[in-house]
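Heads up, the thing below is written out as structure tokens.
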Amino acid sequence: MMRSNLNYTICNILNPMKQTITLRKATAADASFLAMVVSEALDSDVMECYEAANGVIPADRRQLMAVLESVILHPDTLYTWRHATIAQNAGGEAIGALVAYEGDDYMQRRDTTFSMFSSVMPLQFDVDAMDAETVAGEYYLDSLAVLPSYRGRGVARMLLQSGIDTAHRLNRPAILACAPNNVNAKRLYESLGFRATGMYSLFGHPYWRMVCQ
């Protein structure tokens, strides 16, 4: 979990106000924002819809967001708020987040996470057929998303670097998964030192498995 060394700041030169962005540990009060982050990382456009609706979750996304919030508030899931780091603007508004964790108890947490999902709605993939995203001895950067209005300003890089630094302090490699068609993301990951080491199947789709030693 990302619980220390969160004294990163950036001054966004693309913003006329030169707004300072900082990182902090997530709290349970961040659950609704983290629900959007996890959903976005799973290939949703909920953040785009949220901003287009002036900060309102569209009606057709509210059930999923409610389920994700319950998962995030549970202490023993993959996406618990305890695994998250928040990027915030100078006004204290959450603008992005990274969910990252040690891989040692991944399978146990995965079972709990997707049992909670399947008890409410049918899953669109076979959990048992899915490869393990991470294993013992690794630090996995699971879910990353930034509000559309803050993209292109270095926030994602800042969050990723904090995850890499945490992995290195733990003497573990940082691991993440990248969709093959996400060329821009792969380029960003490679610029931070990640290298593709093979493919694996997650959520019914192939992903690059990328490692930063």
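The values are calculated or read from the model by the stated rules, or taken from the named source; none is laboratory data. What you see is a predicted model, and the numbers here were worked out from it, not measured in a lab. Every residue, glycine as well, gets a Cβ built from its backbone with ideal geometry; the counts of neighbours run over all protein chains shown. Please note that ligands, DNA and RNA were not included when accessible areas were found on the heavy atoms of the full protein model with its side chains. Shrake-Rupley method; radii C 1.70, N 1.55, O 1.52, S 1.80 Å.
Some values worked out for this structure:
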{"item": "By accessible area with a 1.4 Å probe, ligands and nucleic acids excluded, highest first: order of THR22, THR27", "result": "THR27, THR22"}
{"item": "Spacing of the two label points (7 Å from each Cα toward its C-beta) at ARG195 and VAL56, in nm", "result": "5.1"}
{"item": "The chain: relative contact order as a whole-number percent, Cα under 8 Å and 6+ apart", "result": "20"}
{"item": "Given charges at Cβ of Lys, Arg, Asp, Glu: region 69-213 dipole, positive-most of THR112, LEU141, CYS212", "result": "CYS212"}
{"item": "Cβ-placed point charges (K, R +1; D, E -1), dipole of region 66-213 about Cα centre in debye, nearest 20", "result": "680"}
{"item": "Inter-label distance, nm, simple model (7 Å from Cα along the C-beta direction), THR27/ALA90", "result": "2.3"}
{"item": "Under the Karplus curve 6.51 cos²θ - 1.76 cosθ + 1.60, θ = phi - 60°, whole-Hz ³J(HN,Hα) for region 128-136, x wherever Gly or Pro sits", "result": "5, 8, 7, 5, 6, 5, 8, 9, 4"}
{"item": "Amide H partners (placed H, <5 Å) of LEU42, local residues excluded", "result": "none"}
{"item": "Accessible surface, the chain, averaged per residue in Å² (probe 1.4 Å)", "result": "47"}
{"item": "Prolate/oblate/rounded label for region 102-169 (Cα gyration tensor, a/c 1.5)", "result": "oblate"}
{"item": "Whole-number Å³ per residue for the convex hull built on Cα positions in the chain", "result": "118"}
{"item": "Antiparallel %, DSSP beta bridges [both residues in the chain], to 5", "result": "95"}
{"item": "Extended-chain gain in nm, criterion 0.36 nm per residue less alpha-carbon gap, VAL183 and PHE203", "result": "5.3 nm"}
{"item": "Farthest toward positive dipole pole in the chain [+1 Lys/Arg, -1 Asp/Glu at C-beta], among THR80, PHE194, ALA90", "result": "ALA90"}
{"item": "Heavy-atom accessible surface of the chain: percent carbon and sulfur, 1.4 Å", "result": "51"}
